[in-house]
Amino acid sequence: MKRFSPWVALIIALLIVAFVVHQCRNAGGANYQTAIVTRGAITQAVTATGTLNPVVNVQVGSQVSGNIAKLFVDFNSQVKAGQVVAQIDPALFQATVTQAEGDLANAQAALELAKVNAKRTQDLFARKTSSQADLDQAMANLHQAEANVKIKQGALDKAKVDLEHCTITSPIDGVVISRSVDVGQTVAASLQAPVIFQIANDLTKMQIDSNVAEADVGVLEMGQGVDFTVDAFPMRTFHGKVVQVRNAPITVQNVVTYDTVIGVGNPDLKLKPGMTANVSIIIAHKDNVLQMKNAALRYRPAEATPGEVRPRSPAPAGARGGAGREQRTSERTVYVLSRGQPQPVQIKTGISDGVVTEVIEGLKEGDRIITAELASKSPAASPPPNPFSGGGRRFP
């Protein structure tokens, strides 16, 4: 035992020295924050906001001016096409119809007299007892009387139509979602028809009019699935489909958006017109693919060369989901932690959901990639304070 004691002491001393050297190297180096490459599902989506509206929303107004005499429906009333919903006081219009009927009767009496005079003048002219001028005057009076009858008939027809318009009916089957007048209120239809009711045809089928930015509208297609939420039901996700991407641009403060119409089923009538919807339009979805944190794509060590930092393809990570559509890939550089040091690796990326990105090639499941660098140095490695500086201790 005495013969092996020096060797044991030497081995222990070497182990202590190695441990101290290792600790000193780690104290002067950098600590890295890493993430593991895993497998899972990725959904790439375009987000937007929109407003829920009925698919068919009819504004019922009045073509004539007058006082509202009766209202037969109210908010949320179910109505049928042709059902009377309001009545405007018809007294003035009934008087107009009566006056027009009197004017027509007067014109018809004048027409009968003109016919008699024309017939008498023709007989006198045939017996050479009347002049040609008298005959011409009699025929002109007859034609004027006929024209006057047509004028009065038209005035009577217009008065009857105005009287009919005092009775306002529903043009469609549906439900009243808005009422804008009360009994006794005067509506004026001189310039435009005032809106009295808004009637939605079928609230079980609604649509979202969402404003999608011009940068994202290029990946939208009809039939894409949509997930959305409303503030009234924050824990519930509703579903729909893109039914139309309108070409008319909407410009607000130099920001261009396009109205994207999303069809929504509403069988339980939980969704109400006017609700604000937070929309996620699903562009692409993949299951069981390699994925990594997006922070790894942004990390670059301080000593990285420009060639390592610059990606080979300037195209952003993304994909066009669906059959027959070309998938876009991008070559990027990430850093794998190997033996405590970052090693650059060229990879190809696919779609991204903003948090994780698909890895097509270059990495394997379980690889540890660097997402951030947490530099820390031991106090012994920092330079001693200057005794002559303002922060140091001055010698007497």
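The values are calculated or read from the model by the stated rules, or taken from the named source; none is laboratory data. As the structure is a prediction and not an experimental result, all values here were calculated from the model. Every residue, glycine as well, gets a Cβ built from its backbone with ideal geometry; the counts of neighbours run over all protein chains shown.
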(request) Look through ASP227, ASP162 and report the one residue that is closer than 30 Å to ASN76 by Cα, in contact (Cβ under 8 Å) with a residue 60 or more places away in the chain, in contact with a helix residue (DSSP H, G or I) (Cβ under 6 Å, 6 or more places away or on another chain) and surrounded by 15 or more Cβ atoms within 10 Å (Cβ to Cβ). (result) ASP162
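Counting only residues that are of a type in the set (Gly, Ala, Ser) and at pLDDT 80 or above, which one in the range 12-42 is nearest to PRO342 (Cα to Cα)?
Here the residue is ALA35.
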(request) Take the range 242-275 and flag every residue that is loosely packed, with under 15 Cβ neighbours inside 10 Å and assigned to a strand (DSSP E or B). (result) GLN244, ARG246, ASN247, ALA248, PRO249, ILE250, THR251, VAL252, VAL255, VAL256, GLY265
(message) Restricting to the range 187-224, name every residue that is among the polar types (S, T, N, Q), surrounded by fewer than 16 Cβ atoms within 10 Å (Cβ to Cβ) and under 29 Å from ILE283 (Cβ atoms).
(response) THR204
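Within the range 37-67, which residues are within 30 Å of GLU358 (Cβ to Cβ) and among the aliphatic types (A, V, I, L, M)?
VAL37, ALA41, ILE42, ALA45, VAL46, ALA48
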(request) With the checklist (1) assigned to a strand (DSSP E or B); (2) under 25 Å from GLY354 (Cβ atoms) in hand, flag the one item ALA215 doesn't pass. (result) (1)
(message) Consider the range 109-153. How many of its residues are under 60 Å from the mean Cα position of the chain (by Cα) and of a type outside the set (A, V, I, L, M, F, W, C)?
(response) 4
(request) Filter the range 98-150 for residues that are assigned to a helix (DSSP H, G or I), more than 30 Å from ASP162 (Cα to Cα) and among the basic types (Lys, Arg) and give the result. (result) LYS115, LYS119, ARG120
(request) Would you please name the residue that is farthest from LEU92 (Cα to Cα), looking only at residues in the range 118-145 that are out of contact with any Ser or Thr (no Cβ under 7 Å at 6 or more places or on another chain) and crowded, with 16+ Cβ neighbours inside 10 Å? (result) PHE125
(request) Could you list all residues from the range 89-114 that are surrounded by fewer than 18 Cβ atoms within 10 Å (Cβ to Cβ) and in contact with a strand residue (DSSP E or B) (Cβ under 8 Å, 6 or more places away or on another chain)? (result) ASP89, LEU92
